[in-house]
Amino acid sequence: MPSLIAWLDSTPAEQKAARELIAMFNDKESRDELGIGPIRDAFSDLLFPGTSVLQTRARYYLFIPWCYMANNVTRQAGPTHRTKGRANERALIKALHGSSSQDKAGLIGARAGVNVRNLPSDIYWTGMLRYGVREHRGSIGALTLPSSGAEGATELTQRSPAEWNRTVPPAPQGFPDRVEEAFAMTAEEASWLKERIVTSTQDTVLAHLLEQDQPIAQDSLAPWYAVSESKFEELHHARMFSSVMQGAALLYNLLIAERFQEHGLAEDDSDRPAEFRERLTEWHQELRATSEGALRTWDLERMWVITKGSNPNIQRRAQEFVNSWVNGLRTATDTADDSVLRALVEEREKRKGAQSRLKNEKMLAAWSGESGTGRLTYRWGTVKTIVNDIQNGLDRAGA
């Protein structure tokens, strides 16, 4: 029986979490087999507030208010206002498809076209509120038009600024039916968005990156290669957490690969257990070479204070698993065959009950050969694109 995810009425935050969960199922490097997602997300929100893995380009932070501040929308209220605004979002998809720009990467609706289920306003909602792009926290169109008195100019000045930031730069001529520049921001747009993000996320790595006024190298693999972790305590803990938990993910895959082979489920001659043993050994050697001293002195209690300050709902069992894993690593010499570490990961997998691959042969048979082995980078791909879009726009001022 196929798995189903029902779409229920929920808060924007819950909807965002559900969309990100679905996206992560499509990315084998991001699957959260060990239940550490809430800790990862706490770090992501601390380092890069307002972002999500679904965000693709910075200019959507202007496209969206433009769609709802257009003349054919702002004179409407309630469901009509929302419907017409969403129609503009779909018209934007068509316009971007037809743009002469060579840079269309990150186009929402690139494959599904105007019938895409999640529109930009769904995906960027949290960021729009965090950065003050949208001032009214209720749903789009929730504000009512004046019931009496002058209409026209009065409603424009009373409602639209209350829903959206008063200083949003003007839309280009012909929007949303024509957007020739696609995702290339003007200097004015880039400067405005930079100011919004920096002022609303002060003292974060995201604000720091924007204040550097430099692009991030495309081959930068993680935030700690672009920003010194000595500047941000949470970045140090995020790097340590990423480093040590990749080993747990590799050991998880080794255990599953061994069980997979024992049950005769392999369909080719590949030796997956041997491959994961080798990767686990390489990871452990790198960890000891680069972070052995830091691992010994890493203040886990301080990490929990920081992450729980962002997400108080981190579960006690997840915390206990991470503590035990780190303490085990501090003395382990062979992670692949360390009985304590293997037992820890096995026990963590068993929390899934009947869905555990160590208990359920159907679930074991459905294993793709690798799951969730990528290193945690906390939405770094999204952040690089957003920051570089803004920086490229600012650079156009001097072009």
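The values are calculated or read from the model by the stated rules, or taken from the named source; none is laboratory data. Just so it is clear, the model here is predicted, and its values are computed rather than measured. Backbone-built Cβ (ideal geometry, glycine too); neighbour counts: all protein chains shown. Surface accessibility is based on the protein's heavy atoms, side chains included, excluding ligands, DNA and RNA. Shrake-Rupley method; radii C 1.70, N 1.55, O 1.52, S 1.80 Å.
If a residue must be outside any loop (DSSP other than H, G, I, E, B) and over 24 Å from Ala77 (Cβ atoms), how many such residues does region 90-103 contain?
First, pick out the residues of region 90-103 that are outside any loop (DSSP other than H, G, I, E, B): 90-98.
Remaining after also requiring over 24 Å from Ala77 (Cβ atoms): 93-98.
Matching residues across region 90-103 total 6.
Assess whether Ser191 counts as being of a type in the set (S, T, N, Q), over 20 Å from Met240 (Cα atoms) and under 21 Å from the mean Cα position of the chain (by Cα). Here the answer is no, as Ser191 does not meet what is asked. A search for C-beta distances below 6 Å between a residue of region 268-283 that is within 22 Å of Ala332 (Cβ to Cβ) and any residue that is assigned to a loop (DSSP other than H, G, I, E, B), counting only pairs 6+ apart in sequence or on different chains, returns Arg277/Ala336; Leu280/Thr335; Leu280/Ala336.
If the condition is being under 24 Å from the mean Cα position of the chain (by Cα) and open to solvent by less than 10 Å² (accessible area, probe 1.4 Å), then region 360-371 contributes only Ser371. Answer yes or no as to whether Gly35 is touching a Phe, Trp or Tyr at 6+ places or on another chain (Cβ under 6 Å) and either part of a loop (DSSP other than H, G, I, E, B) or without any contact (Cβ under 8 Å) to a residue 24 or more places away in the chain (or both). Answer is no for this residue. Could you say whether any residue in region 272-295 is outside any loop (DSSP other than H, G, I, E, B), closer than 19 Å to Ala336 by Cα and under 20 Å from the mean Cα position of the chain (by Cα)? So far as region 272-295 goes, no, none of its residues is outside any loop (DSSP other than H, G, I, E, B), closer than 19 Å to Ala336 by Cα and under 20 Å from the mean Cα position of the chain (by Cα).
Of the residues making up region 104-117, those that are surrounded by fewer than 16 Cβ atoms within 10 Å (Cβ to Cβ), in contact (Cβ under 8 Å) with a residue 40 or more places away in the chain and of a type outside the set (A, V, I, L, M) number 1.
Quick grid of which residues meet (1) crowded, with 18+ Cβ neighbours inside 10 Å; (2) touching a Phe, Trp or Tyr at 6+ places or on another chain (Cβ under 7 Å):
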position: Gln55; (1), (2): yes, yes
position: Ile64; (1), (2): yes, yes
position: Cys67; (1), (2): yes, no
position: Asn71; (1), (2): no, no
position: Ala77; (1), (2): no, no
position: Ala91; (1), (2): yes, no
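Per the listing Gln246, Gln261, the residue uniquely under 28 Å from Val345 (Cα atoms), open to solvent by 50 Å² or more (accessible area, probe 1.4 Å), part of a helix (DSSP H, G or I) and among the polar types (S, T, N, Q) is Gln261.
Can Ala87 be described as at pLDDT 95 or above and over 26 Å from Ile390 (Cβ atoms)?
Taking the combined requirement at face value, the residue satisfies it.
Residues in region 7-39 that are open to solvent by 30 Å² or more (accessible area, probe 1.4 Å) and modelled with pLDDT of 95 or more: Pro38 only. Residues in region 284-305 that are farther than 21 Å from Phe232 by Cα, without any contact (Cβ under 8 Å) to a residue 12 or more places away in the chain and not polar (S, T, N, Q): 3 in all.
To keep it simple, each residue is scored yes or no on (1) among the polar types (S, T, N, Q); (2) under 23 Å from His236 (Cβ atoms); (3) open to solvent by less than 20 Å² (accessible area, probe 1.4 Å); (4) not in a helix (DSSP H, G or I).
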| site | (1), (2), (3), (4) |
| --- | --- |
| Thr307 | yes, yes, yes, no |
| Phe321 | no, yes, yes, no |
| Thr331 | yes, yes, no, yes |
| Glu349 | no, no, yes, no |
| Lys384 | no, yes, no, no |
| Ile390 | no, no, yes, no |
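Counting only helices (runs of 4 or more DSSP H) that sit completely within region 104-200, those holding 1 or more residues that are modelled with pLDDT under 90 correspond to 153-158, 160-163. Within region 372-382, the set of residues being part of a helix (DSSP H, G or I) and open to solvent by 30 Å² or more (accessible area, probe 1.4 Å) comprises just one member, Gly381. Against the list (1) out of contact with any Pro (no Cβ under 6 Å at 6 or more places or on another chain); (2) under 15 Å from Val345 (Cα atoms); (3) surrounded by fewer than 22 Cβ atoms within 10 Å (Cβ to Cβ), the condition His236 fails is (2). Scanning region 118-136 for residues that are hydrophobic (A, V, I, L, M, F, W, C), out of contact with any strand residue (DSSP E or B) (no Cβ under 9 Å at 6 or more places or on another chain) and open to solvent by 10 Å² or more (accessible area, probe 1.4 Å) yields Ile123, Leu129. Looking only at region 215-233, which residues are outside any helix (DSSP H, G or I), open to solvent by 50 Å² or more (accessible area, probe 1.4 Å) and touching a residue at least 40 places away in the same chain (Cβ under 8 Å)? Residues satisfying the conditions are Pro215, Gln218, Leu221. Under the condition of being closer than 16 Å to Tyr61 by Cα and in contact (Cβ under 8 Å) with a residue 60 or more places away in the chain, the residues counted in region 93-103 number 1.
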